[in-house]
Amino acid sequence: MKRYVLTAAGLLFGSVVLAGCAVAATPTTVTGVDSGSTASPTVVVDATLTADAVLADNEDSTTVNDDEWSLDSATAVDLSSPSATDGVSVDGSTLTITAAGTFVLSGDLDGQVVVASPDDAVVAIVLSDASITSSGGPAIWVQSADDVVISLEGDSSVSDASSYADDADANAAVFSEADLTFSGSGSLTVSGNGGDGITSEDDLVVLSGSITVEAADDALRGKDSLVVKGGELTLTAGGDALLSDNEEDATRGYVWVDDGTLVATAGDDGIDAVTDVVLTGGSLTLDATGKGVKAGVYLVAEGTEASVTAQDDALHSNGAIHLNLGTVALASGDDGLHADSAIVIDGGSLTVSQSYEGIEAPSITINDGDVTVKASDDGINASGNATASEGGGMGGGMGDTGELLTIAGGTVLISAEGDGFDSNGSAVVSGGTLVVNGPTNDGNGALDVNGILTVSGGTVFAIGSAGMAVSPDASSPQSWISATVSGTAGDVVQVLDSTGAVVYEYTAEKAFSSVVFSSSVLADGANYSVTVNGSSAVTVTEGTAAAGSGGPGGGGMRP
């Protein structure tokens, strides 16, 4: 799969100076990383695609809406003492629906409900205070039909066998070979004792209802697609909470959450789609042992209120991630967001409260929104475009490998123990506000760029250790200052102009020995001073090393 990522060539070194105007880095297009997806090996990933655009490229899911079936002339079935009637046969403890129509099931059945209807049949099953317990397989098994809807009335439950053979034809408490839709205002408790909770080999759609699933393996699985448009879902899964796994068709194998409330605990991934995950609404609370949300091609979030805790990546895509609108809160044992190709953030609120690396991809672009990242290693890291060559100067001892990290708008707050704002290639800040609380150890820096760091707009304030400190390139269009000053957590750092007026003020979150600042309020040729708790520490003049400065890094003196 070809990916495009933006790159900017160049190498960054420097010292403590104030720089003025320059030429901005120029992005180019290159071949990126193979996604590993067998569903669409030739797709070109565009990280700017909206949810509508991604969904338009997928096959529509099949949904049985409420106006497509009726309770008129419905067949009532008492599961406690079932008897054969039109469209229903009974063989021991197995009740089989053999025709199209609506069937209202109530009472308790220690057995199995099978749907074996014509291939063009639309079957509506109304579970009305029904309880179905099967010890020999699925509680409800749709073997043949065109489309099936299960509508919930009152409180119902289903429970299946405790185990299945590896080659079993069906392995879920509710298993369907046809498109399956859930609706209604009632509740359903699903005990998937031997495998999945609810599985459709075609499309699985939830329109409404309260559904609680506890499954040995996956809670909800729609092979062709899994769509949630409403309802209240409470899922506990030994495997994935939501899964769509069609690997044979690039337009299938997707998960779409548009509305409803979802609370899920997963022994593997919270949401797992072979192709796309699209989140356009609703409320998600995911706690996953594996990845929180995993997409094979696109992961797009537009409007969903999501809280994701994962031991692996919280949000992961083998292709691209696009965030816009909504509120996303992440806590991860690995990356907060990781994409093999590109990440674009166009709005909304993103908080990564815990991570190893906060945001990682070969191309990272933030155009708008509120982004807060806390990381035990790198905060935002543009990496993975190619194997880095050893040697070269600063920035981790590697050369420019073509990645690009761009801040064009929004507010970005980073707290990192490794590099704060890091690119294995180049970085561009053209707008917005970037505040970096970098590392306290000298082996990393608040700013770390192997290529060129260009600042042409916005506000940049980076505070951290001095051993690997990097500042904007001397050719940057917007002026900046860089100074070696020391302080501890709670100290107030001020940038003052030549009249003593405060240009910028910040309260440090941790110990520091380096400050880098760039803003349109800085003037070419002017003098500035950096103070800590009101004490004059360093005076900075354009093109001249600051008093008390030192150590490696910086963007070089302005010519």
Handout entry: Flag for residue 119 being part of a loop (DSSP other than H, G, I, E, B), out of contact with any strand residue (DSSP E or B) (no Cβ under 9 Å at 6 or more places or on another chain) and either closer than 21 Å to residue 179 by Cβ or without any contact (Cβ under 8 Å) to a residue 60 or more places away in the chain (or both)
Key = no
Completion exercise
Within region 230-269, of all residues that are part of a loop (DSSP other than H, G, I, E, B) and among the aliphatic types (A, V, I, L, M), the one surrounded by the most Cβ atoms within 10 Å (Cβ to Cβ) is 241
Exercise for the section: Assess whether residue 511 counts as being under 36 Å from the mean Cα position of the chain (by Cα) and either surrounded by fewer than 24 Cβ atoms within 10 Å (Cβ to Cβ) or at pLDDT below 95 (or both). Expected result: yes
Exercise for the section: Could you please find all residues in region 214-241 being among the polar types (S, T, N, Q) and farther than 15 Å from residue 190 by Cα? Expected result: 225
Practice task
For region 377-385, indicate whether the set of residues that are over 21 Å from residue 464 (Cβ atoms) and modelled with pLDDT of 95 or more is non-empty.
Solution key: no
Fill in the blank from the handout: Residue set 198, 140, 150, 211; condition at pLDDT 95 or above and over 20 Å from residue 117 (Cα atoms); output residue 211
Practice task
Restrict the check to region 270-282 and report whether at least one residue is of a type outside the set (D, E, K, R), free of Cβ contacts under 8 Å to residues at least 60 places away in the same chain and surrounded by fewer than 24 Cβ atoms within 10 Å (Cβ to Cβ).
Solution key: yes
Practice task
Only residues in region 68-86 that are closer than 12 Å to residue 101 by Cβ count as the first member; pair them with residues that are in a loop (DSSP other than H, G, I, E, B), Cβ under 8 angstrom, at least 6 apart or cross-chain, and list the lot.
Solution key: 75/86; 75/87; 86/99
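The values are calculated or read from the model by the stated rules, or taken from the named source; none is laboratory data. In this text, all values refer to a predicted model and were calculated from it rather than measured experimentally. Positions of Cβ are generated from backbone atoms using ideal geometry, with glycine treated the same way; all protein chains shown enter the neighbour counts.
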